[in-house]
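Beneath this line is the structure, given in structure tokens, with notes to follow.
The values are calculated or read from the model by the stated rules, or taken from the named source; none is laboratory data. The structure displayed is predicted, hence computed values, not measured ones. In this analysis, Cβ positions are derived from the backbone assuming ideal geometry, glycine residues included, and neighbour counts consider all displayed protein chains. For accessibility, only protein heavy atoms count, side chains too; no ligands or nucleic acids. Shrake-Rupley method; radii C 1.70, N 1.55, O 1.52, S 1.80 Å.
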Amino acid sequence: MRTSMDVQTWTYLLIGLTFALYLGIAYWSRVTTTKEFYIAGGGVSPLANGMATAADWMSAASFISMAGLISFMGYDGAVYLMGWTGGYVLLALLLAPYLRKFGKYTVPDFIGDRYYSNIARTVAVICALFVSFTYVAGQMRGVGIVFSRFLEVDINLGVVIGMGIVFFYAVLGGMKGITYTQVAQYCVLIFAFMVPAIFISIQMTGVFLPQLGFGSTLSDGSGMYLLDKLDGLNTELGFAAYTDGSKSRIDVFAITAALMVGTAGLPHVIVRFFTVPKVRDARLSAGWALLFIAILYTTAPAVAAFARTNLIESVNNKEYKLLPEWFGNWEKTGLLAWVDKNNDGKVQYMSGTAITGKPEFIKGSGNSGERLVSNANQETENELYVDRDIMVLANPEIANLPNWVIALVAAGGLAAALSTAAGLLLVISTSIAHDLIKKQIKPDISEKGELRAARIAAGLAIFIAGYFGIHPPDFVAAVVALAFGLAAASFFPAIIMGIFYKRMNKEGAISGMVTGLLLMIFYILKFKFGLLGGGGITDWWFGISPEGFGFVAMITNFCVALTVSRFTPAPPMHIQEMVENIRYPKGAGGAVDIEIKDI
Amino acid sequence: MNNDKNLKQYWKRNLRYLLILLLIWFTVSYGCGILFVDELNMIKIGGFKLGFWFAQQGAIYIFVILIFVYVHLMNKLDKEHNVDED
């Protein structure tokens, strides 16, 4: 008998240890000033900030869902891979150094000051809140899902535990607590992602690095390249060849662009560059951030290809009764379901949707012992329902990896979800305490009062996020496209023109942001919610999907802003001088040293 | 020598760096990974079709390199024009 611990014990152990670590760091980095709360005192090293940014950026979706999405999209998955990394080049070259030189706390701060207008500031605050809430709801749900699948805890209890942890370190430590826990969370999540990937790469191709294994020959003795094999399997089953994809070229272009620009415009990412001491640190830390992100993002497509090959090979045309144990385990969670349409007792997996909607299980089991579903069958020969999240979550089990690796995936998923949630909550709390209360409603508020307001806002935001995590609105998936679209359509052009075009005035910037926003919202309502006349794929403007429309809205913003600014007065002299000033690094003002309080 | 001319020159060179780097950024992602993906897919390196490799791997590596090159160029430029911090 093997004396190894079971998965559940390992999971409790690893999650317990990592949570204790996060709480310890949080306690060590408690803060007492708003500067520490908002931007960690501005004294974070570029390397640490790069890691924190990477953890902040890589959410439950990047960790759990992305590889799965890619494995079903094949080549088209490149929109996420390039879209969610290419934005960092824009950030590093066009935004981060200048915003660091500007030296305030938030994105609405920059928009409000640069365009000398509280209307502009308010538009920016609304966008920041909207984008952040959309995102954070998904993260809390992610925490709940990981808990329920790995520990068989109720999903809602999982959300509450997640809320408690984030509450502790976000409210106590603000940006400082968040930054240093994110550094730890990055280490946990990247380790948890890489270990199974490396195991599987060695298993399937004999190559250590998944990035290379992905393009190597299979080690099953056939001498065939993995990707050729996968192309073959896909075509055989009626899917598009894996390396070809099925989206139109223009749509792939637009989605990639919208995601890149959206990434560069997301407030919780931008604000990270306010936390480093110098302009040159801001540039460098964008480089570190992308390097740390790229480790996961270049591994994910390899995992996607491995997992897809593994899945097809191990289930297609296999007798249900002889399937390995993991199939039944994941059937229990509702991520897999099988309906024996032709009553042959074997699983037929091919293109097309097997059943209508997500599986709703009913009592009793079928002829082969499968769980029965109440969903109507679709008119296809495909008998298998596969949730794409399974590709990362079940991958270690499918590949027969040791128990501790399976548990590690749970700890990694939690680290990814918690770190992103905390970063977003901070943006929400800062937007309310700083941009609304301090800058607009009550300018004479004391330092202590502002800090208290920020803490209360963070606390409230956690409860609202938790509520959405427990009662997820149906529209969350649909509005993620909107979150990126809004960031692309509003913030990005306003900031770029604020830095690179001195003549841009408040009239131009505000009309550009408002047009971009409204256009984006209109398109989502029309094509995602079927309102305002609705419409299908054939009605898309220029053949661009709602996911890619942020690109069009961004260009519209630029055009409107440039046109309006030509017919309205130039910005005042002191604003033009400010723009001049942020272009040169000298005199960014050294940040105060972080005081480490006695514990 | 922080006169206007020096600063103007600094800004102009900065913009030139940006232009070149962003051109590369565009070429590897939108060019090699999307617009010319079919043409590049005719070429195969190991198990990878080249266009597919750019779209799912190569573009990302080059993004990382671009930022570090930018950091290096700008640190040098800051010093040459005496606008660096301390």
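Picking from residues in region B:24-64 that are of a type in the set (Val, Ile, Thr) and not in a helix (DSSP H, G or I), the one that is farthest from the other protein chains (Cβ to nearest Cβ) is B:Ile43.
Only residues that are free of Cβ contacts under 8 Å to residues at least 24 places away in the same chain and among the small types (Gly, Ala, Ser): list them for region A:174-217, please.
A:Gly206, A:Gly215, A:Ser216
Residue-wise test of (1) under 30 Å from A:Ser59 (Cβ atoms); (2) modelled with pLDDT of 85 or more; (3) touching a strand residue (DSSP E or B) at 6+ places or on another chain (Cβ under 8 Å).
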position: A:Thr309; (1), (2), (3): yes, yes, no
position: A:Thr333; (1), (2), (3): yes, no, no
position: A:Ala337; (1), (2), (3): yes, yes, yes
position: A:Pro359; (1), (2), (3): yes, no, yes
position: A:Val386; (1), (2), (3): yes, yes, yes
position: A:Leu393; (1), (2), (3): yes, no, no
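Here A:Thr34 qualifies as more than 18 Å from the chain's Cα centre (by Cα), buried (at least 20 other Cβ atoms within 10 Å of the Cβ) and modelled with pLDDT under 85.
For region B:65-80, a residue qualifies if it is of a type in the set (A, V, I, L, M) and more than 7 Å from chain A (Cβ to nearest Cβ), and the qualifying residues are B:Ile65, B:Val69, B:Leu73, B:Leu77. Within region A:291-311, is there a residue that is in contact with a Pro (Cβ under 9 Å, 6 or more places away or on another chain), of a type in the set (D, E, K, R) and either over 24 Å from A:Gly485 (Cα atoms) or in a helix (DSSP H, G or I) (or both)? There is no residue in region A:291-311 that is in contact with a Pro (Cβ under 9 Å, 6 or more places away or on another chain), of a type in the set (D, E, K, R) and either over 24 Å from A:Gly485 (Cα atoms) or in a helix (DSSP H, G or I) (or both).
Quick grid of which residues meet (1) surrounded by fewer than 21 Cβ atoms within 10 Å (Cβ to Cβ); (2) over 25 Å from the mean Cα position of the chain (by Cα):
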residue: A:Leu322; (1), (2): yes, yes
residue: A:Glu331; (1), (2): yes, yes
residue: A:Gly334; (1), (2): yes, no
residue: A:Gly345; (1), (2): yes, yes
residue: A:Ser351; (1), (2): yes, yes
residue: A:Gly366; (1), (2): yes, yes
residue: A:Met391; (1), (2): no, no
residue: A:Pro402; (1), (2): yes, yes
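Only one of the numbered conditions (1) more than 16 Å from A:Gln185 (Cβ to Cβ); (2) touching a Phe, Trp or Tyr at 6+ places or on another chain (Cβ under 9 Å); (3) open to solvent by 10 Å² or more (accessible area, probe 1.4 Å) is violated by A:Ala137, and that is (3).
Condition check for A:Val303 on (1) under 24 Å from the mean Cα position of the chain (by Cα); (2) within 10 Å of chain B (Cβ to nearest Cβ): one failure, at (2). Within region A:510-526, the presence of a residue that is part of a loop (DSSP other than H, G, I, E, B) and over 30 Å from A:Asn581 (Cα atoms) is excluded.
Where residues in region A:256-292 are within 12 Å of another protein chain (Cβ to nearest Cβ) and in contact with a Ser or Thr (Cβ under 6 Å, 6 or more places away or on another chain), which of them is nearest to A:Met58 (Cα to Cα)? The selected residue is A:Ala289.
Pairing each residue of region A:88-109 that is not assigned by TED's automatic domain parsing to the domain that holds A:Thr53 with any residue that is acidic (Asp, Glu), provided the two are 6+ apart or on different chains, yields no C-beta distance under 9 Å.
Scanning region A:94-110 for residues that are within 10 Å of another protein chain (Cβ to nearest Cβ) and surrounded by fewer than 24 Cβ atoms within 10 Å (Cβ to Cβ) yields a total of 2. Selection of first residues in region B:69-86 that are closer than 14 Å to A:Asp281 by Cβ and of second residues that are among the aromatic types (Phe, Trp, Tyr) and not in a helix (DSSP H, G or I), restricted to Cβ pairs under 9 Å at least 6 apart or on distinct chains, gives the following pairs, ordered by first then second residue: B:Asp78/A:Tyr584.
Annotation: of all residues in region A:242-253 being within 10 Å of another protein chain (Cβ to nearest Cβ) and not charged (D, E, K, R), the one that is nearest to A:Arg308 (Cα to Cα) is A:Tyr242. For region A:222-238, check the following and say yes or no: at least one residue is in contact with a Lys or Arg (Cβ under 8 Å, 6 or more places away or on another chain), within 11 Å of another protein chain (Cβ to nearest Cβ) and assigned to a loop (DSSP other than H, G, I, E, B). For region A:222-238, residues in contact with a Lys or Arg (Cβ under 8 Å, 6 or more places away or on another chain), within 11 Å of another protein chain (Cβ to nearest Cβ) and assigned to a loop (DSSP other than H, G, I, E, B): absent. For region A:484-500, indicate whether the set of residues that are at pLDDT 85 or above and surrounded by fewer than 19 Cβ atoms within 10 Å (Cβ to Cβ) is non-empty. Yes: one or more hits.
Here B:Leu21 meets each of (1) without any contact (Cβ under 8 Å) to a residue 40 or more places away in the chain; (2) facing another protein chain (nearest Cβ under 7 Å); (3) surrounded by fewer than 20 Cβ atoms within 10 Å (Cβ to Cβ) with one exception, condition (1). Against the condition assigned to a helix (DSSP H, G or I), buried (at least 17 other Cβ atoms within 10 Å of the Cβ) and touching a residue at least 40 places away in the same chain (Cβ under 8 Å), how does A:Ala417 come out, does it pass? Criteria met by A:Ala417. The requirement of being assigned to a loop (DSSP other than H, G, I, E, B) and acidic (Asp, Glu) is fulfilled nowhere in region A:245-267; no residue meets it.
For region A:540-557, which positions are surrounded by fewer than 17 Cβ atoms within 10 Å (Cβ to Cβ) and either touching a Pro at 6+ places or on another chain (Cβ under 9 Å) or more than 27 Å from A:Gly262 (Cβ to Cβ) (or both)? Of everything in region A:540-557, just one residue is surrounded by fewer than 17 Cβ atoms within 10 Å (Cβ to Cβ) and either touching a Pro at 6+ places or on another chain (Cβ under 9 Å) or more than 27 Å from A:Gly262 (Cβ to Cβ) (or both), namely A:Ile555. Would you check if A:Gly221 is open to solvent by 20 Å² or more (accessible area, probe 1.4 Å), of a type outside the set (Phe, Trp, Tyr) and in contact with a Ser or Thr (Cβ under 8 Å, 6 or more places away or on another chain)? So A:Gly221 does not fit the description; no.
Within region A:241-283, the set of residues being surrounded by fewer than 22 Cβ atoms within 10 Å (Cβ to Cβ) and touching a Phe, Trp or Tyr at 6+ places or on another chain (Cβ under 6 Å) comprises A:Asp244, A:Gly245. Every condition in (1) modelled with pLDDT of 85 or more; (2) open to solvent by less than 40 Å² (accessible area, probe 1.4 Å); (3) under 28 Å from A:Val427 (Cα atoms) holds for A:Gly74 except the one numbered (3).
For the structure I just gave you, tell me whether B:Asn14 is more than 19 Å from the chain's Cα centre (by Cα), over 24 Å from A:Leu212 (Cβ atoms) and open to solvent by less than 70 Å² (accessible area, probe 1.4 Å).
Values: more than 19 Å from the chain's Cα centre (by Cα): no; over 24 Å from A:Leu212 (Cβ atoms): yes; open to solvent by less than 70 Å² (accessible area, probe 1.4 Å): yes.
Answer is no for this residue.
Would you be able to say whether some residue in region A:77-88 is surrounded by fewer than 24 Cβ atoms within 10 Å (Cβ to Cβ), part of a helix (DSSP H, G or I), among the small types (Gly, Ala, Ser) and away from chain B (no Cβ under 14 Å)? No, region A:77-88 contains no residue that is surrounded by fewer than 24 Cβ atoms within 10 Å (Cβ to Cβ), part of a helix (DSSP H, G or I), among the small types (Gly, Ala, Ser) and away from chain B (no Cβ under 14 Å).
Here the condition is being aliphatic (A, V, I, L, M) and in contact with a strand residue (DSSP E or B) (Cβ under 9 Å, 6 or more places away or on another chain); of B:Val37, B:Val28, B:Val71, it holds for B:Val37 alone.
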